[in-house]
Amino acid sequence: MVGVGILLGLIVIVGIFLIATYNGLVSRRNRIKEALVAIDVYLQNRYDALTQIAEVVVSYATHERETLAQVTSMRAGLNKQPPSAEKMKQYEEVDRALSSINFQAEAYPEIKANENYLHLQRTINELEEKLSASRRSYNSNVAGYNTAIQSIPTNMVAGMFGFREESLLEIAQDKKAEVNLRNILGR
């Protein structure tokens, strides 16, 4: 009789451990999804503002209309996709296309004096700060989650229930070079 009681006690303890560990992993995974959605929202807002800047520039430089059309079409495709790491990579492609338009703005001093353009630039700077904070939050959540699913004994529960490692969001090498160049040039 005592042996049955001990066995039942062990089963209850193991069951509580499994439930608590599973729920903890689900919670961590959901925080990652939440952070990814926040990044997606800020990226959408950023590209809306960048597209508006592109429209201002296009009104001054008509030969950029093709680039704007390309960006608009790329962005429309992104709006239909759920947040994912692949979607974040596609945002980088849109970023590259928009950078050529922003270079055009530098060639037109009257654009840089345009109140709408200046407001959009401030908006983009604010969104960049929010994106940076969201990326840090996402990467922090991913690091905690990955550590949890790799640590003993949680890794056994994670393996049983199919929890898989998530990838960190990293800055592309060309973006790192651009940031370093800005620091050197003092811009």
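Every number here is computed from the coordinates shown, using simple stated rules; none is lab data. Model, not experiment: these values are computed from the prediction. Here the Cβ positions follow ideal geometry from the backbone for every residue, glycine too, while neighbour counts run over all protein chains shown.
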Between Gln150 and Val12, what's the calculated FRET efficiency when r is the beta-carbon distance and R0 is 30 Å? Round to 0.05.
0.65
Residue span Gln81 to Ala143: 0.36 nm per residue of separation minus Cα-Cα distance leaves a gain in nm of 19.8 nm
